[in-house]
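Worksheet: the structure to be examined is printed underneath.
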Amino acid sequence: MRVGYLGPEGTNSHEALLAALGGEQHEQVPLPTIYDCVVAVQELEVDRAFVPIENAIEGSVNAVLDALAVDAEQVRIVGEAIHPIHTCLIAPAPIELSAIETVLSHPQANGQCAHFLRTRLPQARVLAASSTAEAVRAVAEGDAGPNAAALGSRLAAEQYGCEILRAGVDDVAGNETRFVWLAPEGTSAGEHGPWKTAIVFWGVGAEAPGWLVRCLSEFAFRGVNLTRIESRPRKQGLGRYMFFLDLEGSEEEGPVAEALTALRGHTEHLRVLGSFPAA
């Protein structure tokens, strides 16, 4: 099986994938962006993709949500895994924090360590990279300039022969990221629960007072618990949104199936992104 993930080797996604595979031997395919990971499943270039969808500090990974809602309608979520994130400050050689002029990392990692950067490295420019591992590579090879450091994983530091200046620089102890397994439409999500279902919807009545309450009440009246709700712009003008929900239960269970059927009556578009075993 070919499994796509945000590369290069040594990213948090790669580290989480290795943990999720638990020693299973599959071909690991590093891809340049999270969006590419989703589209690779859509175009059958990989059999699965393993992508971050939500972080405890920075929230949802919008690139995944937007791709699943708009550009990858033949892709389903078939599983999830939660991975602890331990971000390290990494440099090619030992250096005092006060001497660091540039810090490079993926925007999500920069956000997860924002307080550390403001208080411990106020003099440093904070720049974005395509991934945490790419940031470590650039620092290791001198592409980020002199006196540069990166935010990345211990795995990346080992891979590129760098020094860990500080470990665990995340702003909140216990930082975690939820990853999801993506597969082509029609792929089995397994047989064992408890189950979770993810959906996205929008509607022509969205401007009417109480429209969203009526949509959500279809779940409340049937005792279906919502575990996440989020809105994202549809990119068709101000005030037009799509809504993402995670809920407990399988789309085939009675109350969930009934709620989804009733919700269709309120919406212009409703898509089940996946029903899958909860982490």
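The values are calculated or read from the model by the stated rules, or taken from the named source; none is laboratory data. Bear in mind that the values here come from a model prediction, so they are computed numbers and not experimental data. Note that each Cβ is placed from the backbone with ideal geometry, even for glycine, and that neighbours are counted across all protein chains shown.
Values for this structure:
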read-out: L31 over 21 Å from I199 (Cα atoms) and surrounded by 18 or more Cβ atoms within 10 Å (Cβ to Cβ); value: yes
read-out: Enumeration of residues in the range 85-113 that are without any contact (Cβ under 8 Å) to a residue 60 or more places away in the chain, surrounded by 14 or more Cβ atoms within 10 Å (Cβ to Cβ) and assigned to a helix (DSSP H, G or I); value: Q108, N110, G111
read-out: Among the candidates L263, L270, residue that is surrounded by 15 or more Cβ atoms within 10 Å (Cβ to Cβ) and either farther than 21 Å from E185 by Cα or outside the structural domain of R214 (by TED's automatic domain parsing) (or both); value: L263
read-out: Members of the range 4-15 found to be out of contact with any helix residue (DSSP H, G or I) (no Cβ under 6 Å at 6 or more places or on another chain) and at pLDDT 95 or above, listed by number; value: none
read-out: Residue count, the range 236-260 (criterion: aliphatic (A, V, I, L, M), surrounded by 15 or more Cβ atoms within 10 Å (Cβ to Cβ) and modelled with pLDDT under 95); value: 1
read-out: Residue match in the range 178-198 (condition: farther than 30 Å from E268 by Cα, outside the structural domain of F219 (by TED's automatic domain parsing) and in contact with a His (Cβ under 8 Å, 6 or more places away or on another chain)); value: no
read-out: Within the range 7-28, considering residues that are among the hydrophobic types (A, V, I, L, M, F, W, C) and over 14 Å from S131 (Cβ atoms), the one surrounded by the most Cβ atoms within 10 Å (Cβ to Cβ); value: A20
